[in-house]
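Peer 1: Input: one structure, supplied below.
The values are calculated or read from the model by the stated rules, or taken from the named source; none is laboratory data. Remember, predicted model here, so these are calculated numbers, not experimental data. Here the Cβ positions follow ideal geometry from the backbone for every residue, glycine too, while neighbour counts run over all protein chains shown.
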Amino acid sequence: MKKLVLSSLVTLMTLPAFAKSIPAGTYTVDAAHSKIGFEVPHLVIATVEGRFTKFDGSITIDSNLNKSKANLDIDAASVNTDNSQRDDHLKSPDFFDAAKSPKLSFVTKKIVGSADNLKIIGDLTIKGKTKSVTLDVKYLGEVNDPFGNHKIAFSATSKINRKDFGLNWSNMVEAGPVVGDEVTLVIKIEANKPVEKKS
């Protein structure tokens, strides 16, 4: 009897009705509760973490999830690694060249998978160079906040090679390069839309 009950529970939990679903609609990225960050190897043995403090974007969730889309626009000059001298270097032509290329952007091309296991393929543009990247995305859920907004949240990660985007600067030390080539993107998004009022 116990085996029968356990088998029934497993079957029920694998039915589509138990799968997560993302509510359809157009959402605005809540920059105050989101993070666009990165980690890059430093001196081979450690990492430096940074983030961008100014960005905006939108997410449109279609009833057919694979037809959904998203975009982000990021202010290059808002890069922040908690070290002003390093931040000034990152804004220079050695890296983001924020004066000539003030914006980084991401635009979706394709979404595959389900709410429980999403991959978002899109065009990432940095310093005027555009490359296709794949984000591994986790949908975190939905909630109504106290201010009349319906919120959804995601976390995402990806790895890129900074030199693909013309961020080539580095010096060498005994252990290897001062700055590694592989950059890990760490993205956490809250997005909102007005709560639909019931008639």
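Peer 1: Please verify whether region 166-181 includes one or more residues that are on the phi < 0 side of the Ramachandran plot and under 16 Å from the mean Cα position of the chain (by Cα).
Peer 2: There is no residue in region 166-181 that is on the phi < 0 side of the Ramachandran plot and under 16 Å from the mean Cα position of the chain (by Cα).
Peer 1: If I ask for residues that are surrounded by 15 or more Cβ atoms within 10 Å (Cβ to Cβ) and at pLDDT below 95, which ones from region 49-67 would you list?
Peer 2: LEU65
Peer 1: Considering only residues that are touching a residue at least 24 places away in the same chain (Cβ under 8 Å) and of a type outside the set (Lys, Arg), which ones fall in region 151-167?
Peer 2: Residues of region 151-167 that are touching a residue at least 24 places away in the same chain (Cβ under 8 Å), as a first pass: 151-160, 162, 164-167.
ILE152, ALA153, PHE154, SER155, ALA156, THR157, SER158, ILE160, ASP164, PHE165, GLY166, LEU167 - these are the residues of region 151-167 that are touching a residue at least 24 places away in the same chain (Cβ under 8 Å) and of a type outside the set (Lys, Arg).
Peer 1: Continuing with this model, one more query. Name every residue in region 141-176 that is at pLDDT below 90 and in contact with a strand residue (DSSP E or B) (Cβ under 8 Å, 6 or more places away or on another chain), in order of residue number.
Peer 2: SER170, ASN171
Peer 1: Could you say whether any residue in region 25-39 is in a helix (DSSP H, G or I), within 14 Å of the chain's Cα centre (by Cα) and modelled with pLDDT of 50 or more? If you could, list the steps in order and put the result at the bottom.
Peer 2: At the first step, the residues of region 25-39 found to be in a helix (DSSP H, G or I) are 31-33.
Among the residues that remain, those that are also within 14 Å of the chain's Cα centre (by Cα) are: 31, 33.
Cutting the leftovers down to modelled with pLDDT of 50 or more gives us 31, 33.
Yes, there is a match, as at least one residue in region 25-39 is in a helix (DSSP H, G or I), within 14 Å of the chain's Cα centre (by Cα) and modelled with pLDDT of 50 or more.
Peer 1: Check ALA46, ALA70, ALA99 and return the single one that is surrounded by fewer than 17 Cβ atoms within 10 Å (Cβ to Cβ), out of contact with any Asp or Glu (no Cβ under 9 Å at 6 or more places or on another chain) and within 18 Å of VAL186 (Cβ to Cβ). Break it down into steps so the answer makes sense when it comes.
Peer 2: Details: ALA70 fails: surrounded by fewer than 17 Cβ atoms within 10 Å (Cβ to Cβ); ALA99 fails: within 18 Å of VAL186 (Cβ to Cβ).
Testing whether each residue is surrounded by fewer than 17 Cβ atoms within 10 Å (Cβ to Cβ), out of contact with any Asp or Glu (no Cβ under 9 Å at 6 or more places or on another chain) and within 18 Å of VAL186 (Cβ to Cβ) leaves just ALA46.
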